[in-house]
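Working notes for the structure below.
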Amino acid sequence: MKIEDFFNQPNIVDLSFFNFRNAITAAYFANDKLEVQKVNDNFRSFFPILGNVTNIYFPHVLEQLGVPGVQIEEFVENIDHKGSVLIPEVHITIEGEERIFSLLSTCTHDDAFPYLNGVQGQFVDRTEEWKLKQEREGLLEEKLRDREIIEEKSR
């Protein structure tokens, strides 16, 4: 690679995205207009229904995934006003199975390479944690019901 290739915009974007490329999460980078520029392999494998999302407005990607409008509005508002967003529970149905993700995103800023200014984020699959939480809550409810039955019979 020649030195001038290093400063080529696509190469700089690739280098910037390097850590996310191999992430176990579904990662993306969108420009400052929220148009998706890059996604990692896990993004494509988590959400195969989307196909190619390059240059697609990220809130439209969320809409295609079936994310509720209120969460999409929360995403846009937080990115615009706070520069970051954390939505801890996003329910997305993929191939008939409900999965639960956390969506974390933050604005990026770089004076030297303005085309790196945008939003970098990721979906973290929390489905197994959510299932365990539901199971635990069910067991607690069952325990409370059993306790009430025992107390009633004791009376």
- Pairs beyond 32 Å (Cα-Cα), from K38/K82; K82/K133; K82/K143: K82/K143
- Message: Suppose each label sits 7 Å from its Cα in the direction of the beta carbon; what would the N55-N22 distance come out to in nanometres?
- Response: 3.1
- Proportion of all alpha-carbon pairs of the stretch 28-155 beyond 17 Å (%): 64
- What number comes out for the charge environment of E74, summing +1 per Lys or Arg and -1 per Asp or Glu over other residues with Cβ under 13 Å away? -3
- Coarse-grained scattering of the stretch 41-93 at q = 0.16, 0.32 Å⁻¹, given as base-10 log I(q)/I(0) from a Debye sum over alpha-carbon atoms: -0.51, -1.28
- Task: Would you mind checking which residues have amide H under 5 Å from K38's amide H? H placed 1.01 Å from N; only 5 or more apart, or other chain.
- Result: F29
- Message: Can you list the DSSP H helices in the chain whose Cα atoms extend at least 15 Å along the helix axis and whose mean Kyte-Doolittle hydropathy is -0.5 or higher?
- Response: 9-21, 69-81
- Query: Once phi is turned into ³J(HN,Hα) by the Karplus curve 6.51 cos²θ - 1.76 cosθ + 1.60 with θ = phi - 60°, what whole-Hz value does each residue of the stretch 39-55 show in order, with x for glycine and proline?
  - Reply: 9, 8, 4, 5, 4, 5, 6, 5, 10, x, 5, 6, x, 7, 10, 4, 6
- Task: Extending each Cα 7 Å along its Cβ direction at K131 and Q9, get the distance between those two points in nm, one decimal.
- Result: 4.4
- Separation between the S102 and E151 pseudo-spin-labels, each 7 Å from Cα along Cα→Cβ, expressed in nm? 3.5
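Bear in mind that the values in this text are calculations on the coordinates, not laboratory data. Given the structure is predicted, the values throughout are model-derived calculations rather than measurements. Positions of Cβ are backbone-derived with ideal geometry, glycine not excepted, and every protein chain shown enters the neighbour counts.
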